[in-house]
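To keep things clear, I will list the structure first and then write my remarks on it.
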Amino acid sequence: MSPSLVPLLLLLLGTVFSSSGAWLPCHARSHWRQQQPPQRGPLVFPSVRSTDWFDPATNILLVNVSTLQPLVTDLSATNVSSVVLYGVGGECGQERMYSDGGAHVDGAIIGAVNVPLFVKHHIRYRIQARGEFYCDSQAGFDAFLAHFASPLFEGVSFDGNQESSKWQPNMTHLAQRVVEARVKHPQLTFTFALPVGAKSPDGVHVATPFSSTSPGPGPYDYPPRDGGIVAAGAEGFAAVCAVFNFTVGKSSGSDWPSNAHVELAADRYDIWPPNSPPTSSQCVVAADGQTCQMAESMVQAAFNFHNWTGIPYSSIEMTVLIGEASPPEQIFSHADATTLAAHAVRSGIAAIHWFAYGDDRPCTSGAKNWGCTDLDTQPYEYLQHFVAGIQPAEAHNHVRITL
């Protein structure tokens, strides 16, 4: 049985708070509880900066891990059956797919060319919108979804990197679009990504839930540089909760809409002051006192978010940044990939998203740079370590994993 890797959308963990430190109430409509949750897909899936490369003559998406080739060809060769395509921006219905270099192609064209290829190769896919993605009308959102529609289309993830002044109103608009779209498209998952930290109990070196007698990660424990959701992210999460009629501390976890997910983006921790050792207010600190335990910190973030909001793990996703694109005290290693994947299977986390598939290769220049990692000695090493964490649980629990 070939292992498979599932799309992994990111929703943040952490306490929601305003810039003043006050609680920001969140609220989920009771009639949503009557809706059946979408069928669970694969657990761990890679993110592809979908327009890192696209053939300017054909608009076919490309990737360069072992060699530059069509994305679907590469995914098929490595048995990856689910993927997240990152890079949609602009107004929905007229959206464009952007590359890191700024080149862009209309989303309708990218969908028309590449969706049939995903279907032909039996690869499931999600679309991840950039921060600069806006959707003021339901007709525009319906048109956007239609551009990528197929039986293998799994859903949409909304990125959390937006200007503070636009974050809350845009999250309100997107959540309003989701309220209607999830009725029309119950098979799709809609994910809201939020930046979070991983406050942990003092003196521990593995993820540890706070006890009921300890203060834990509440809004008053989370100054901006102390490991919580950034103020803009808190306001965005509060806006989504308001549309969903979900109140943290009052609503039950079953009130949260089943096909709306929260993606915890805890791939970097804001160590302050710069170049100082991390503390337990920011992450799970290693025994050496100098580094964050990256997989354990991601698990800690999930513990904190779940215990604070009551939102079930089946509606929580994680996102991590592989390799050396983080500060030296925050490197997500191969061992972290195995540890995190194994935990996700045990806890029932909806998905792990790792960024980015095209970076899973050694640096040929001998210097660390974007798009590769010196932790790899050959292509696809992170992929192999994620699979290693999933396989034992898959065999034991019959969890279907998409690689």
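Could you check region 281-314 and list, in sequence order, the residues that are more than 17 Å from the chain's Cα centre (by Cα) and among the hydroxyl-bearing types (Ser, Thr, Tyr)?
SER281, THR291, THR309
Taking region 88-106 on its own, how many of its residues are within 16 Å of ASP142 (Cα to Cα) and within 21 Å of the chain's Cα centre (by Cα)?
Of the residues in region 88-106, 6 are within 16 Å of ASP142 (Cα to Cα) and within 21 Å of the chain's Cα centre (by Cα).
Report yes if some residue within region 173-188 is buried (at least 18 other Cβ atoms within 10 Å of the Cβ) and under 20 Å from VAL83 (Cα atoms); otherwise report no.
yes
Only residues that are of a type outside the set (A, V, I, L, M) and farther than 16 Å from TRP53 by Cβ: list them for region 70-95, please.
Within region 70-95, SER76, THR78, ASN79, SER81, SER82, GLY89, GLY90, GLU91, CYS92, GLY93, GLN94, GLU95 meet the criteria.
On the given criteria, is GLY89 surrounded by fewer than 23 Cβ atoms within 10 Å (Cβ to Cβ) and of a type outside the set (Asp, Glu)?
Yes, satisfied.
Condition first: among the acidic types (Asp, Glu) and modelled with pLDDT of 85 or more. Now tell me which residues in region 259-299 satisfy that.
Matches in region 259-299: GLU263, ASP288, GLU296.
What residue, among those in region 311-354 that are of a type in the set (Gly, Ala, Ser) and in contact with a strand residue (DSSP E or B) (Cβ under 8 Å, 6 or more places away or on another chain), is surrounded by the fewest Cβ atoms within 10 Å (Cβ to Cβ)?
Here the residue is SER326.
Scan region 155-169 residue by residue and report those that are modelled with pLDDT of 85 or more and in contact with a helix residue (DSSP H, G or I) (Cβ under 9 Å, 6 or more places away or on another chain).
VAL156, PHE158
In this structure, is THR67 surrounded by fewer than 17 Cβ atoms within 10 Å (Cβ to Cβ), of a type outside the set (Asp, Glu) and modelled with pLDDT under 90?
Spelling it out, THR67 is indeed surrounded by fewer than 17 Cβ atoms within 10 Å (Cβ to Cβ), of a type outside the set (Asp, Glu) and modelled with pLDDT under 90.
Restricting the search to region 106-122, which residues are within 24 Å of LEU174 (Cα to Cα), surrounded by fewer than 20 Cβ atoms within 10 Å (Cβ to Cβ) and of a type outside the set (Gly, Ala, Ser)?
ASP106, ILE109, VAL115
Can you tell me which residues in region 90-111 are modelled with pLDDT under 90 and touching an Asp or Glu at 6+ places or on another chain (Cβ under 7 Å)?
Those that are modelled with pLDDT under 90 and touching an Asp or Glu at 6+ places or on another chain (Cβ under 7 Å): SER99, ASP100.
Tell me which residues, restricted to region 250-271, are more than 20 Å from the chain's Cα centre (by Cα) and within 24 Å of THR291 (Cβ to Cβ).
Within region 250-271, ILE271 is the sole residue that qualifies.
Conditions (1) closer than 15 Å to HIS147 by Cα; (2) assigned to a helix (DSSP H, G or I), marked per residue:
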position: ASN59; (1), (2): yes, no
position: VAL63; (1), (2): no, no
position: SER66; (1), (2): no, no
position: ASP74; (1), (2): no, yes
position: VAL80; (1), (2): no, no
position: VAL83; (1), (2): no, no
position: GLY89; (1), (2): yes, no
position: VAL105; (1), (2): yes, no
position: ALA108; (1), (2): yes, yes
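Determine which single condition ASP255 fails, assuming it passes every other condition in (1) within 16 Å of ALA302 (Cα to Cα); (2) among the charged types (D, E, K, R); (3) surrounded by fewer than 22 Cβ atoms within 10 Å (Cβ to Cβ).
For ASP255, the exception is condition (1).
Here's a check for you: in region 170-201, which residue that is part of a loop (DSSP other than H, G, I, E, B) and modelled with pLDDT under 90 is nearest to PHE244 (Cα to Cα)?
Among those that are part of a loop (DSSP other than H, G, I, E, B) and modelled with pLDDT under 90, it is VAL196.
The values are calculated or read from the model by the stated rules, or taken from the named source; none is laboratory data. What you see is a predicted model, and the numbers here were worked out from it, not measured in a lab. Glycine gets a Cβ as well: all are built from the backbone with ideal geometry, and neighbour counts include every protein chain shown.
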